[in-house]
Amino acid sequence: MQLFRFANPDFLYLLLILPVMVVLFIINETRKAKAIKRIGDEELVKRLLPERSVIRPWIKFIFQLIGISAVIVILARPQFGSKLEEVKKEGVEVIIALDVSNSMLAEDIQPNRLTRAKQALTRLIDNLDNDKIGLIVFAGDAYTQIPITTDYISAKMFLSAIGPEMVPKQGTAIGSAIDLGMRSFTPGEGKSKAMIIITDGENHEDDPVAIAEEASKAGIVIHTIGIGSTEGVPVPVIVSGRRDYLKDAEGNTVITKLDEEILKKIAITAGGSYVRASNTNIGLDEVFSEIKRMKKQEMESTIYTEYNDQFQIFSAIALFFLILDFIIMERKNRKLANIRLFKFKI
């Protein structure tokens, strides 16, 4: 199976001009039709304008759309991977455990805790090279979002879709996230394994310190990043289209506070460090600097090392339809008036 990709995918954004062209074309044709109706009777207009064609402009426009689409695809440089190669690199395995509970929507970190954490993770992934990364999301329970991988593009794509609505059970089960993380690393002794937990620390479900101790015995270093304020803030929610604040079962406004103590204990127990996030610095850079100092391990991965451009078919399509667009005139040719194309006169 060959890997397909675009070498310059940003050019695909140019496809957004196609619906704009369609709207403008329809508006223009509608205006022309109204202008012709104002001249007089339709049969009289046909006699006065015998070479006028209703269908030709549409055919030409469709050909233009197909040709322009093919040119845009050519600019994006479609490619197929042609050579598989086993590549050995040195790096570490890192699993990020991201809290996606409702409390992460609090706005003491702008724009809110969760969005700010995702932005920082995106920048971190952009700077990765040989390391493997995995992503776990957790609230009342923990779930694997991205298995351990070097596919940084997919990691960023999945990261962008993360939100509280994706987990069926609310709460904050840090212990479950650590336990799932322990089982998510590549099996084997002597491997460099680290976890980064990003949360407000309000654990309600389990004993994360005890599970962190088990992780430490398995050779896993755990770093924690506390995000939020210790003073506490309400959690904004949208109810019936209006902004409100999260309420408990008794109707009281829920106040979420950063629990630094539990996060410090987890980090100390598992040989890692604790960092307090702020609006200007989430703390991922500091934590990852420590991870980079860990002993590197040799990791094998299979990648495509050669890619062949596959623009030829799109060039042929573009050329064919743009030539047709050039050949076909908007008005009828009296000599060709009886030629039928697509079962109707053109």
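Any read-out appearing in this document is the output of simple, stated calculations on the displayed coordinates, not a laboratory observation. Note that the structure is a prediction, hence the values are computed from the model and not measured. Cβ atoms come from the backbone with ideal geometry, glycine included; neighbour counts cover every protein chain shown.
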**OP:** Provide the packing ranking of 130-137, 7-14, i.e. peptides ordered by the mean count of other C-beta atoms within 10 Å per residue, highest first.
**Re:** 130-137, 7-14
Subject >> 3J(HN,Hα) from dihedral phi, segment 96-109, Karplus parametrisation 6.51/-1.76/1.60, rounded to Hz, x for glycine, proline >> reply: 9, 10, 10, 6, 10, 5, 4, 5, 6, 8, 4, 9, 6, 10
**OP:** List the aspartates and glutamates whose Cα lies under 16 Å from the Cα of LYS37, skipping any in the same chain that are fewer than 8 positions away.
**Re:** GLU29
Original post:
To one decimal place, what orientation-averaged projected area in nm² is obtained for the convex hull of the Cα set of segment 86-301?
Top reply: 11.7
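Could you sort the peptides 161-174, 17-30, 314-327, 113-126 by per-residue average Cβ neighbour count (10 Å cutoff), highest mean leading? Kindly include the intermediate steps, with their values, before the conclusion.
Details: 161-174: 16.9, 17-30: 11.8, 314-327: 14.9, 113-126: 18.6.
Descending mean neighbour count gives 113-126, 161-174, 314-327, 17-30.
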Original post:
Using the beta-carbon distance between ASN308 and ASN130 and R0 = 41 Å, what value does 1/(1 + (r/R0)^6) give for FRET efficiency, to the nearest 0.05?
Top reply: 0.95
**OP:** For each pair in LYS193/LYS292; LYS132/LYS217; LYS217/LYS292; LYS169/LYS193; LYS193/LYS217; LYS217/LYS265, compute the distance between the two Cα atoms and list the pairs where it is over 18 Å.
**Re:** LYS132/LYS217; LYS217/LYS292; LYS169/LYS193
**OP:** Please work out the C-alpha center-to-center distance from segment 230-274 to segment 152-169 and express it in whole Å.
**Re:** 20
Original post:
What ranking do 220-230, 145-155, 63-73 get when scored by the average of other Cβ atoms within 10 Å per residue, highest first?
Top reply: 220-230, 63-73, 145-155
Subject >> For segment 86-301, share of DSSP beta bridges that run antiparallel, in % to the nearest 5 >> reply: 45
